[in-house]
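Have a look at the structure below, then the notes.
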Amino acid sequence: MKNEQLHNKTAYLFDELAGVDDRFLDEALHFAPARRRTAFPWRAVGLVAAAAASLVLLVQGVLLPFLERMDSLMTPGNNAPNAPVETVWSLDTLLSESTAGRFETLSSKEEYVFFGDARLVWQSAESDTLFVSRPLTNAETERLTKSLATRPAESVSADAEQPAWRIWLVTQDGKVITPYLQFSYGNVGYANLFDYHAEVVPNADWVSFISNLMD
Amino acid sequence: MEDFLIVNLYWARKESAITESDRKYGRILRSLSFSVLSSREDAEECVNDTYLAAWNAMPTARPDYLGAFLSKITRRVSIDRYRAAHRQKRGGLGGVLAELSECIPSSDSVEADYENGRLADALNQFLASLPAEKRAIFLRRYFYSQPIGEIAEALSMREGTVKVTLHRLREQLRKTLQEQELL
């Protein structure tokens, strides 16, 4: 679709919002959130247990074989397919350990984020703090974008749980790339972290890259 | 003051109708207009135009939801002024339009088939399918053009949560429009 056509359609959609039912508009204007539940979070406990079980399966099914293979490639003379892996990393583990004061931080209140070079930026769902990696090399940026290009975009249900971590790749010219290789519109020239695909599927290449970044 | 009482003042041609309207909705209207125009002076003028339009519309009109009625006027006036001035600033209306462009299904068609009324109906159906909180987030952002921080504060949510919710709602709307072959 041409840019002008997209712009016209977007403007039309924006205009048509004027036809929204007045009840909805009035409700939105006066909406007050219900008191957040303070009862024991059984659902949260169940979700954490399910996430932990999923992570175990992921580690066993994907990460371990990948790390074994990487280890065998990086250790001269050690090409045994079943060489022991000393450390098993999960994305959640890596990112939680990244909060140990080793990385530059930003407040998410900043409207525009532009570094002038490529960076990896991540944020915990529990905090407004943004963590920023060191500048990425061209090879690293290319590696990350290529690994993303192999994965087709997946829609996320509106009812899905919030992700524990959010990750963005900010390029040298200020474009923001989500893990699904979707450019954030209107961000050329600056990086705006208002848009992304929520869930990060921790594919092995990303985990391996972040592991190296933190070493 | 309740909406119906303020409307009664308009019908009775009492100037206090304007005062009461401004007391109850003035901040929201100025904020809405400013979000579109990024100019306090222009926003103030648009809000004044809104009250004039409301004064001229009532009697005959008797809106059930005065806030929505005034907001629609303010929005219309502000958008018209924005387009007349050909402003393309980052943030404000530019930012909102950029987000909304994601709701447009990809299409190779050269000629768009704009069916009056169908899109508005589809939007209302989409909104009706949402829980009240998500509906409020969507409309505060794309009708009232409120900044994300302001939405988060009003709804006692984190900004990140608002952003995630908006993203998913845009995706959901895009699918809806695609299924109904709109846009």
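Among the residues of segment B:29-42, those identified as more than 19 Å from A:ALA28 (Cβ to Cβ) and open to solvent by 10 Å² or more (accessible area, probe 1.4 Å) are B:SER38, B:SER39, B:ARG40, B:GLU41, B:ASP42. Going through (1) within 12 Å of chain A (Cβ to nearest Cβ); (2) under 21 Å from B:ALA154 (Cα atoms); (3) touching a Ser or Thr at 6+ places or on another chain (Cβ under 7 Å) one by one, B:SER71 falls short only on (3). Considering the conditions (1) open to solvent by 30 Å² or more (accessible area, probe 1.4 Å); (2) outside any helix (DSSP H, G or I); (3) closer than 23 Å to B:PHE143 by Cα, B:PRO63 is excluded by exactly one of them, (1).
Might you check whether a residue that is touching a residue at least 40 places away in the same chain (Cβ under 8 Å), in contact with a Phe, Trp or Tyr (Cβ under 7 Å, 6 or more places away or on another chain) and within 21 Å of B:ALA120 (Cβ to Cβ) occurs anywhere in segment B:31-54? Yes, some residue in segment B:31-54 is touching a residue at least 40 places away in the same chain (Cβ under 8 Å), in contact with a Phe, Trp or Tyr (Cβ under 7 Å, 6 or more places away or on another chain) and within 21 Å of B:ALA120 (Cβ to Cβ).
Scanning segment B:43-51 for residues that are in a helix (DSSP H, G or I), surrounded by 16 or more Cβ atoms within 10 Å (Cβ to Cβ) and within 14 Å of chain A (Cβ to nearest Cβ) turns up at least one hit.
The number of residues in segment A:88-146 that are farther than 17 Å from B:GLY160 by Cα, assigned to a strand (DSSP E or B) and modelled with pLDDT under 65 comes to 0. When residues of segment B:153-164 are filtered for being more than 8 Å from chain A (Cβ to nearest Cβ) and open to solvent by less than 30 Å² (accessible area, probe 1.4 Å), how many remain? The total comes to 1. Going by the conditions given, is B:ILE137 more than 7 Å from chain A (Cβ to nearest Cβ) and in contact with a helix residue (DSSP H, G or I) (Cβ under 7 Å, 6 or more places away or on another chain)? Considered against the rule, which asks whether it is more than 7 Å from chain A (Cβ to nearest Cβ) and in contact with a helix residue (DSSP H, G or I) (Cβ under 7 Å, 6 or more places away or on another chain), B:ILE137 comes out as yes.
The values are calculated or read from the model by the stated rules, or taken from the named source; none is laboratory data. Remember, predicted model here, so these are calculated numbers, not experimental data. Neighbour counts run over all protein chains shown; Cβ positions are idealised from the backbone, glycine included. Heavy atoms of the whole protein, side chains included, go into the accessibility calculation; ligands, DNA and RNA do not. Shrake-Rupley method; radii C 1.70, N 1.55, O 1.52, S 1.80 Å.
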